[in-house]
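Novice: The structure under discussion is supplied below as structure tokens; questions concerning it will follow.
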Amino acid sequence: MKRKDHLKKAISRNKPWDIVIIGGGASGLGAAVDAASRGYKTLLLEKYDFAKGTSSRSTKLVHGGVRYLQNGDISLVVEALKERGIMRKNAPHLVRDLSFVIPSYDWWNSPFYGIGLKIYDMMAGNLGLGPSTMLDREETMELIPNVKKEGLRGGVIYQDGQFDDARMAVSLAQTAANHKAFLVNYCGVTDLIKKDNMIEGVVIKDEITQTSYSIAAKVVVNATGVFSDDIMQMDQPKAKKRIKPSQGVHIVLDKRFLNGPHAIMVPHTTDGRVLFAVPWNGYVVVGTTDTQMEETLVEPVALEKEIEFILENAGAYMTTPPTRSDVKSVFSGLRPLAAPDDDGAATKEISRHHKVIVSTSGLVSILGGKWTTYRKMAEDIVNTAQSVGGLPERSCITHNLPIHGYDYNSDWSDALHVYGTDIEKIKALDDQGNDSLSKEISLTPNQILWAVREEMAMSVEDVLARRTRALFLNVEECIRLAPQIAKIMADECGYDSDWIDREVSSFLTLCNNYRLAE
């Protein structure tokens, strides 16, 4: 994928695009894959970078949602378990099985979760990842050595999935491009073009050159997540707000806080949510929170009470409770929850189901949903867009569509496994570029070159936050590496020293959102 080529195609097409998708997160990229694989002329536009928002800030889980089962949201659990299996099948280089242990300190807890998880297994059917099992005290301590021993009675182990969200997003963009879709990051939609009150296209702005263009489309899809209301009100200024944003915060710790390959699910926290401690890329991701927010920021910031909540509840289950000084990185994301009819409902009680709605002028908007169900969301979006745009009827084929890089024999001990079949191409870029620049995180010069040449990485942030996951793992190490990354990018692209200075300065400012002040 080369941005200049995709942008040129976007603005030079002399016929209307079949589908123009606004938004380069999970739902938008999924829709681009679905639409392009059906043979529709597809264009996706993203104002910032692919997965810049919510779609890079998840707990890194592909799951049916044990918590939703507890809430009685059976249909969502069934749908998510089915999609978990499809995601695992279609992207084995990005999605893997992960064991979760629920420690129990009450005599009734293990049987309660044991029965619930047997139902969870049953719902997964032939797409299940393995049976759940009751554990005694010794087995629980053996699986999660750092679990608090005092009062421990036993536990339950069950299987769910894990993935790299931003890498999945990039791989979906590549998959869409492989099926002749065109995608442009740093290209926002500033207006909708209408004729007789029906949408016929969009006005776009190249955020890099500040140049605007008009593009014709048979149907426009709004897949902008927490910013969906902005596009719906661009269409109809008096439209009711349909998104209720909820903030989820995660902290990242050194791997010694788990000291094993299994994740912990804390079943009861002080606010009634579950909490996860998950091994990921040599670190441990702990979260999440659920805080209703009034403002939708491009770069959400963790609240002090959210940090305290995670540290307190994680520490209650660990022999070595984490402190603020142990936090390597902190990241925040906003869930684009579809607002319920009950305005007073707490965000943790709002269903994670998605909704596809169509305005009277033909704007198709996707609201809500979760990463695990991205493919089903995309199928529903394109089925609706097919009708609204008067497109020839074609069936969805993504149930069995391999994601770019598909490699059933991926070696997950190799830090480059997320690239799948592209690994050898990356290693072949430069014989001197395959050694990591850091002992703390795996990051090679060739990965940087690949991100620039093949994945539309335009900034140091793109490379360190989403093409690799360095910023989400160790912010201080990224601060150290930033000048070196900028220099490699500048040499590749022919940028001068002023560009390097601006990039490094901009990135260091961003890093303040990922650091935890003493």
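Novice: I'd like to check something: does region 415-424 contain any residue that is farther than 18 Å from Gln174 by Cα, in contact (Cβ under 8 Å) with a residue 24 or more places away in the chain and not assigned by TED's automatic domain parsing to the domain that holds Tyr186? Steps first, answer last, please.
Specialist: Within region 415-424, the subset farther than 18 Å from Gln174 by Cα is 415.
Filter once more, keeping what is in contact (Cβ under 8 Å) with a residue 24 or more places away in the chain: 415.
Subset that is not assigned by TED's automatic domain parsing to the domain that holds Tyr186: 415.
Yes, the conditions are met somewhere in region 415-424.
Novice: Which number in (1) in contact with a helix residue (DSSP H, G or I) (Cβ under 6 Å, 6 or more places away or on another chain); (2) more than 21 Å from Met141 (Cα to Cα); (3) at pLDDT below 95 marks the one condition that Ser329 misses?
Specialist: All conditions are met except number (3).
Novice: Still on this model: Of all the helices (runs of 4 or more DSSP H) wholly in region 1-76, which have at least 3 residues that are surrounded by fewer than 18 Cβ atoms within 10 Å (Cβ to Cβ)? Break it down stepwise before answering.
Specialist: Details: elements: 3-12, 26-37, 66-70.
Hits in region 1-76: 3-12.
Novice: If you don't mind, there's one more thing I want to ask. Of the residues in region 84-98, how many are at pLDDT below 95 and surrounded by 23 or more Cβ atoms within 10 Å (Cβ to Cβ)?
Specialist: 1
Novice: What are the residues in region 149-171 that are assigned to a loop (DSSP other than H, G, I, E, B) and either free of Cβ contacts under 8 Å to residues at least 12 places away in the same chain or small (Gly, Ala, Ser) (or both), if any? Explain how you work it out, then say what you get.
Specialist: The first filter runs over region 149-171 and keeps only residues assigned to a loop (DSSP other than H, G, I, E, B), leaving 149-153, 164.
Scanning region 149-171 gives Glu150, Gly151.
Novice: Return the residue satisfying two criteria in turn: it lies in region 289-319 and is modelled with pLDDT of 90 or more and among the β-branched types (Val, Ile, Thr), and of such residues it is nearest to Leu143 (Cα to Cα).
Specialist: Within region 289-319, the match that is nearest to Leu143 (Cα to Cα) is Ile310.
Novice: Hey, among the residues in region 123-148 that are part of a loop (DSSP other than H, G, I, E, B) and of a type in the set (S, T, N, Q), which one's nearest to the chain's Cα centre (by Cα)? Can you show your working first?
Specialist: Taking region 123-148 and keeping what is part of a loop (DSSP other than H, G, I, E, B), we get 128-132, 144-146, 148.
So of that shortlist, the ones also of a type in the set (S, T, N, Q) come out as 132, 146.
Values: Ser132: 26, Asn146: 28 Å.
So the residue we want is Ser132.
Novice: Collect the residues in region 29-69 that are within 28 Å of Asn513 (Cβ to Cβ) and charged (D, E, K, R), keeping them in residue-number order.
Specialist: Glu46, Lys47, Asp49, Lys52, Arg57, Lys60, Arg67
Novice: Among (1) touching a Ser or Thr at 6+ places or on another chain (Cβ under 8 Å); (2) crowded, with 19+ Cβ neighbours inside 10 Å, which single condition is Asp462 missing?
Specialist: Condition not satisfied by Asp462: (1).
Novice: Which residue pairs have Cβ atoms under 6 Å apart, sit 6 or more places apart or on different chains, and have a first residue in region 268-297 that is among the small types (Gly, Ala, Ser) and a second that is surrounded by fewer than 19 Cβ atoms within 10 Å (Cβ to Cβ)?
Specialist: These pairs meet every condition: Gly282/Lys255.
Novice: Let me ask something additional. All but one of (1) without any contact (Cβ under 8 Å) to a residue 24 or more places away in the chain; (2) touching an Asp or Glu at 6+ places or on another chain (Cβ under 8 Å); (3) not in a strand (DSSP E or B) hold for Gln174, so report the exception by its number.
Specialist: Looking at each condition in turn, Gln174 falls short on (1).
Novice: Would you be able to tell me the number of residues in region 159-184 that are modelled with pLDDT under 95 and crowded, with 24+ Cβ neighbours inside 10 Å?
Specialist: So the count comes out to 1.
Novice: Right, here's the next one. Answer yes or no as to whether Asp106 is of a type outside the set (Val, Ile, Thr), outside any helix (DSSP H, G or I), in contact with a Leu (Cβ under 8 Å, 6 or more places away or on another chain) and surrounded by fewer than 17 Cβ atoms within 10 Å (Cβ to Cβ).
Specialist: Working: of a type outside the set (Val, Ile, Thr): yes; outside any helix (DSSP H, G or I): yes; in contact with a Leu (Cβ under 8 Å, 6 or more places away or on another chain): no; surrounded by fewer than 17 Cβ atoms within 10 Å (Cβ to Cβ): yes.
No; evaluated as a whole, the condition is false for this residue.
Novice: Filter region 402-425 down to residues that are touching a Ser or Thr at 6+ places or on another chain (Cβ under 6 Å) and of a type in the set (A, V, I, L, M) and give me whichever is modelled with the highest pLDDT.
Specialist: Ile403
Novice: Kindly provide the set of residues from region 446-461 that are touching a Leu at 6+ places or on another chain (Cβ under 7 Å) and of a type outside the set (Asp, Glu), ordered by number. Can you show your working first?
Specialist: To start, the set of residues in region 446-461 that are touching a Leu at 6+ places or on another chain (Cβ under 7 Å) comprises 446, 449-450, 461.
Of everything in region 446-461, those that are touching a Leu at 6+ places or on another chain (Cβ under 7 Å) and of a type outside the set (Asp, Glu) turn out to be Asn446, Leu449, Trp450.
Novice: Confirm whether Leu464 is assigned to a loop (DSSP other than H, G, I, E, B), outside the structural domain of Met377 (by TED's automatic domain parsing), closer than 22 Å to Gly282 by Cβ and of a type in the set (A, V, I, L, M, F, W, C).
Specialist: Numbers: assigned to a loop (DSSP other than H, G, I, E, B): no; outside the structural domain of Met377 (by TED's automatic domain parsing): yes; closer than 22 Å to Gly282 by Cβ: yes; of a type in the set (A, V, I, L, M, F, W, C): yes.
Against the criterion (assigned to a loop (DSSP other than H, G, I, E, B), outside the structural domain of Met377 (by TED's automatic domain parsing), closer than 22 Å to Gly282 by Cβ and of a type in the set (A, V, I, L, M, F, W, C)), Leu464 does not qualify.
Novice: What's the number of the condition Gln386 fails, among (1) assigned by TED's automatic domain parsing to the domain that holds Val221; (2) within 20 Å of the chain's Cα centre (by Cα)?
Specialist: Gln386 satisfies all of (1) assigned by TED's automatic domain parsing to the domain that holds Val221; (2) within 20 Å of the chain's Cα centre (by Cα) except (2).
Novice: Please find, within region 185-208, the residue that is surrounded by the fewest Cβ atoms within 10 Å (Cβ to Cβ) out of those that are closer than 16 Å to Glu46 by Cβ and without any contact (Cβ under 8 Å) to a residue 40 or more places away in the chain.
Specialist: Applying the first criterion (closer than 16 Å to Glu46 by Cβ) to region 185-208 yields 185-190, 202-208.
Retained after the next criterion (residues that are without any contact (Cβ under 8 Å) to a residue 40 or more places away in the chain): 190, 203, 205.
Details: Thr190: 11, Val203: 14, Lys205: 18.
Ranking the qualifying residues of region 185-208, first place goes to Thr190.
Novice: Hey, can you tell me all the residues within region 132-141 that are loosely packed, with under 14 Cβ neighbours inside 10 Å and in contact (Cβ under 8 Å) with a residue 12 or more places away in the chain? Walk me through it before giving the result.
Specialist: Restricting attention to region 132-141, the residues satisfying the condition of being loosely packed, with under 14 Cβ neighbours inside 10 Å are 136, 138.
Listed by number, the list holds a single entry, Asp136.
The values are calculated or read from the model by the stated rules, or taken from the named source; none is laboratory data. Note that the coordinates shown come from a computational prediction; the quantities given were computed from them, not determined experimentally. Using ideal geometry, Cβ is built from the backbone for each residue, glycine included, and neighbour counts are taken over all protein chains shown.
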